[in-house]
Every structure is written in structure tokens, then in C-alpha cells.
Amino acid sequence: MRDARSILLVKLNIKPGQIKKLHDAGYKFLEDLKEASPLSLSKGVSVQEALSIIRQIKNDKLPSASLTSIIKRETYAIPTFCNGIDKLLGGKGVTLGKIVEFCGIPGIGKTQMGIQLSINVQIPRNLFGPEGEAVYIDTEGSFIIQRVAEIANGTIARLNETVEGSPFNLETILSRIYYFRIHDYIQLNALIKNMDEFLNEHPMVKLIVIDSIAFHFRTELDLSVRTRVLQMIAQKLEDIAESFELAVVLMNQMTTKFGGNSGPDNTTLTPALGDVLSEACSDRVLLFRRDEERFAHLFKSATKPELQITSVQFQIIKDGIRDCPLPSDPGQ
Amino acid sequence: MSNINQTKSPRVPEELKVLFGEVNVGKYCKRHSVTPEEFQTIRCQVIERNKVLPKNGLDMLNELKARDSRRLSIGYANIDELLGGGLQPGDITEISGESTTGKTRLCYSALLSITCLNKENTALFIDTKNGSCANYIRTLFLESDQFADARERGMDVDSISDRIHIQKGCVYEDDLLNVIEDLNLQFQQKLIVIDSISSVFSPLLGYNIDHYPYSRITIFIRTLRNLAKKYNITILITNSVQYARPYDHKSVFSINKKPALGQTWTYLTDTTLFLSLGDDSDQRVYINRQGCEILGVPRICEVLRSRKNLVVGRYCTFYMGYTEFFPEFAAI
């Protein structure tokens, strides 16, 4: 189910020091090591370690890793350019390998967030970015290329503020966004099932944005069919996120829930599609408006549950998503 | 016939064939250079090795008393009480509930509680959703009151981190089976957590599909259970929820939700705990031993099903915060 080529060495149970030696020797993927013999490996690492590495690979399964080795792995994150939201998501932005959901009422800025992330994923390594490409799956038709160009120019301007002379320009940014326009849930399902092939041809892809995942599922679909299709999509996305080490960002719409904890007559606004999506995502961020200002609130987090009670303010300007210049008090 | 005892024992598939008489005696004898009489002895020995011995009733009662004293704490005393003292090694305990009710958090608590008991215990966390966070587990150990005693006793976070293993990328059913089968060869874990099983099997089940997937789940659990009984491993499995018809609900607190995976699943686990959300506006503050103020949201844990003499319907309410579980009277 997973392509061996794309499995990076960092996932095996090898000490970080040895991984560095292997990288220096040119071994980066599992596939490279398949051809290696213990003797050739042992020129850099000790024979015991070489044997254990080879044994793990021949198994063709990834062994479990202890907490200690997981923490030492370097993870890249895609910044959103709003420090508040970056912190909510785990420190530096959307972490690669995780599925994050953004939900909110129409017009709150979900598509803008998707566009900003598709551009930010391309930030070069020397500017501490992931230096990857983006796949943008559009189900609503809200991806307007002029706006993308505007935000791209804004990003270039901002990065030029920090470091001189980056090789980051409008043509390269736009050419690294792969845009898919989907018209119904069957196309969406088919695209995600065949995403493996596309990702093997474009190994630099580090982000998949689906804007929005709810759109085609809110029609006459039977509830059980909807749940099952969503679960299949979620499972496949989890697999892709883990094997290819990319971030998946889903945009969700809102729906009204009747009843709930406050009584049968109360209505609350909740994210659409129910529990299925909630189970699959590791982080969920709600974007909402209060007194003409935009806020983001974290309501499910795998890494930072202590931030689930605060909201951060952000703004959307011509150049894209930014922090708010004035200090704002965290509300609930 | 002592020299037969010393011949290399046949590998598992061959052993079964010998047992069931599926072996062509002539070919077998030629290949392994044994005489037909020796083959008969081998067959008798295979039968001896695989047969089950009877137990008498008194032994079983004594065994039960001995088992009770080996229960393992899940990390929070009130839930241990619901479980009749703690988790039972050899049993499969299920924690189900909606998203964000605290299932993964309870699993982390169990992982730490087992590895804190002594310096040898190891635990395996099988992550099927890539929603686990190694840093959070470490922070829990370093800051939570639950493990203050362990810290005082000198338990070190690095030792704990080396003994908790996380297996990621187990998104499909065959990945899970591979991991479980490999366990026979790896070092002995005292606790195996699977989070969550519904994301692996739910996409396979459906209203109109035949019963083949149900048998896959049954086979998987049977393999797991054999392992658990043989090596005395505690198994903890997380499950999500599905919609329940109004007259069908079993939980008092969750009107229209019941554990996912259907009726077949109810026969496969020994105990089911069901977590529900309390009233989210009722948040309490708790000050832990390190002086931090922890904000907690209310949750309810009840025993939904049990095949092991637990009182079904008993429940406890508690507040779940960033690093603590606390009861109502402990809040300020």
C-alpha cells in the first residue's frame, strides 16, 4: 500500500547520528538502502548497527520508534504568517504529516488560508521553510488566480524584508501549485485514491489543500454512504500524510445543530460532516468573527490541548494572512 | 525416542499439516530423511504439543483471585474503580466516545502509568490516525500530579521515553496484522494500545456490503487475544461512535450515539467504557502540585458493557484539563 521509494530513512529506528552519516553517504530513502550490503554500510557505521539497519529494511515494515527517537526527528512546519495561529497549530505552523481542519462561516477566510499555505509551503530551506510544492483541490471554484498572484507578491515582499536576494519569484511560486478542480464526490474519491501515483511523480509536494471537503457531501447523499465515503477518504489521506510526509489541510463548512447539551430548542453552529472528519483530523481550528474582527479558536489538538481555551486574532489584508498589529486580549 | 525430541521442530505451517494429516507421508519422509515410524512419533509429539489440558474448577477460582491482584491502573483512580480495580492483563478493554472526549488522553495516561511502575515495563502505542504527539506524553509525565509520586521515586523521563514505543503508519488492516504478528518476536510489552480501531475498520463496513469485513475484524481480535492471553499483555483499544436510533441507545448520557463498528464488535471486547461530553460551559479550575492553574472541561465515563462481572451503568464524572484529571470536589 505504501511506496518504498518514498519512505525516508528518518522513519526507521536508527540513531540520529547514524542517520546523518547515512545521509552524507548519499542514502536518503529506503530504496537506496535495499541495494546496500552490510560491508558497504559499515564503512560509516559499526558492523552491528549496519546489520540491524539492514534487518529492519528487509522486513519491509517500519518498526515502532521509541518516544526518544521520535522527538529527535526534525519536523518541518508550514507557517501561516500569523504567529498566533502558528502557535495554536503546534508552534511553527501546520506540521508535516498531520491532518488539520479549518472550519468557519462563508467569507471568514478559509480559502485565503488555503492559498496562503499553498504559497508558504514553497518557502526555501535557507529561510527556514519546507521548500515544497502544493496540491490544491478545489471543489467550490473559489480559487481565483489573481488573488493568488496578489498574495504571492505579498509573500515575496515580506520575505525580502527578512533576507536579501531570495530566488523566490512569482513564476516559480505559481508553477509549483498543482490545481485540481473537482465537480462531485466521486471525482474527489477517485483523485484521492490515485494520489499515490501523482505524488510519486512529484516527490516535492508537501501540502494538500482540499477546499472544501464538505461541499459535495451536503447534497442528497444517504447518511451511511456519506459516512463511509468520508471514512475511506480520511483513511487514504492519513496514509498519504504519513508515507509521503506532507500536511493535509481540509476546509470545512458550518451547519446548525439542534438540541445538544443546552436543551432541545437551542441551536448551535457546528462544523459540518459530523464526527467522521473530527476523528481523522489531529487539529481543528474554528475561524469566526466577533465585533468585525476575525478570530481563530482551536477546538481539537493533538499537541497543544492547553491552547484549546484561547482564541487568537488575525487579519486578512491585500498581501495575505497576517497577525493583528494591535495587542488583543485572548477571549473564549 | 529421545533423538526425535532433538530433531529440529517443524515450522508452524508444516506442523499444522502434520496434525491434520495433510502431509504426503512418503514425500515428507524422503525430504526430512525420517522413517515412517519416526513420522508417527513426530505426529504424536505434534499432537501433544498442541493439545489443551483441562483445568479443574478450584484451580480456576484460585487463578481468578491471583489475577485480580495483578490489575494495572489506568492512571486515574475513579476510572480504575469502574474497571473493578484497574485494567486486567489478558483482557481487551475498549474506550469509546465522540471526538475530543479524552480517549487518546486516557490511553497516554495508561501508557505512563504502566511504564512508571518499574524500570522494565514497556508499552506499545499503535497509532492508526497519526494523531499522537510524543512531546505531549513527555510533558504529561513531567507536569502531571498523576505521576508526581513516580517523579519523586526517581523515575526519569528519558527512561520512560525509551520504553514507550509508538508505531505510526498503521492505517490499513494488513499493517495492523503485520504489527501484531511481529510482536511474537519482539520484546514483551506489558500494554498495547490501539488508537483507534474504528479508523481502520469502519471504511470496510457498510450497510449494503456483505459480511466479509466482519470476519476480518473477528480474526484480528482473535489473534490479538491469543497473544494477550499467552504473554499476559493488557490491551486497550479506542473506538469512535456511530449514530444510534433513539430507542436503541445504551448510554444514559449520549442520546444518539453508540460505539462504532456495529453489533459484531460488541462480542469481541471484554469491557467497554463510554466517554461523553459534559456541559462545556461548566469549566473548573484546579491547582496542581506544581502550582499551575489547570482549566478543566467536564466529562462522563460510564461502563457501557462488560463480560467480566463489572456493574454496567456505573459512571463517574470528572474534569479533564491539560495535564490533569480531577473530580469536582478538587476544583477550586
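On inspection, B:THR264 fails the criterion of being touching a residue at least 40 places away in the same chain (Cβ under 8 Å) and either within 11 Å of another protein chain (Cβ to nearest Cβ) or more than 23 Å from the chain's Cα centre (by Cα) (or both). Scanning the stretch A:290-299 for residues that are in contact (Cβ under 8 Å) with a residue 60 or more places away in the chain and within 14 Å of chain B (Cβ to nearest Cβ) turns up just one, A:LEU298. Pull up the stretch A:122-148, narrow it to residues that are among the aromatic types (Phe, Trp, Tyr) and surrounded by 17 or more Cβ atoms within 10 Å (Cβ to Cβ), then point me to the one that is nearest to the chain's Cα centre (by Cα). Among those that are among the aromatic types (Phe, Trp, Tyr) and surrounded by 17 or more Cβ atoms within 10 Å (Cβ to Cβ), it is A:TYR136.
Restrict the check to the stretch B:70-90 and report whether at least one residue is within 27 Å of A:MET232 (Cα to Cα) and within 17 Å of the chain's Cα centre (by Cα). Steps first, answer last, please.
So the first thing to find is which residues in the stretch B:70-90 are within 27 Å of A:MET232 (Cα to Cα), and the list is none.
Checked against the condition, which is being within 27 Å of A:MET232 (Cα to Cα) and within 17 Å of the chain's Cα centre (by Cα), the stretch B:70-90 yields no hits at all.
If you filter the stretch B:131-178 down to residues that are more than 10 Å from chain A (Cβ to nearest Cβ) and polar (S, T, N, Q), you find that the one that is nearest to A:PRO305 (Cα to Cα) is B:SER144.
Evaluation of B:GLU98 against the conditions (1) within 13 Å of chain A (Cβ to nearest Cβ); (2) buried (at least 22 other Cβ atoms within 10 Å of the Cβ) shows that the sole unmet condition is (2). Every condition in (1) within 13 Å of the chain's Cα centre (by Cα); (2) more than 14 Å from chain A (Cβ to nearest Cβ); (3) not charged (D, E, K, R) holds for B:ASN118 except the one numbered (1). If you go through the stretch B:262-285 and keep only what is in a strand (DSSP E or B) and out of contact with any Leu (no Cβ under 8 Å at 6 or more places or on another chain), you end up with B:SER276, B:LEU277.
Being closer than 16 Å to B:ASN309 by Cβ, free of Cβ contacts under 8 Å to residues at least 60 places away in the same chain and either crowded, with 22+ Cβ neighbours inside 10 Å or in contact with a strand residue (DSSP E or B) (Cβ under 8 Å, 6 or more places away or on another chain) (or both) is a property that does not hold for B:ARG67. Only one entry of A:ILE123, A:ILE151, A:ILE137 meets the criterion of being more than 27 Å from A:PHE217 (Cα to Cα) and in contact (Cβ under 8 Å) with a residue 60 or more places away in the chain, and that entry is A:ILE151. Looking at the stretch A:86-202, the helices (runs of 4 or more DSSP H) lying wholly inside it that each contain 1 or more residues that are among the small types (Gly, Ala, Ser) and at pLDDT below 90 sit at A:145-162.
When A:THR75 is tested against the conditions (1) surrounded by 22 or more Cβ atoms within 10 Å (Cβ to Cβ); (2) of a type in the set (S, T, N, Q); (3) at pLDDT below 90; (4) assigned to a loop (DSSP other than H, G, I, E, B), the lone failure is (1).
The values are calculated or read from the model by the stated rules, or taken from the named source; none is laboratory data. As the structure is a computational prediction, the values presented were derived from the model and not from experiment. All Cβ positions, glycine included, derive from the backbone under ideal geometry; neighbour counts span all protein chains shown.
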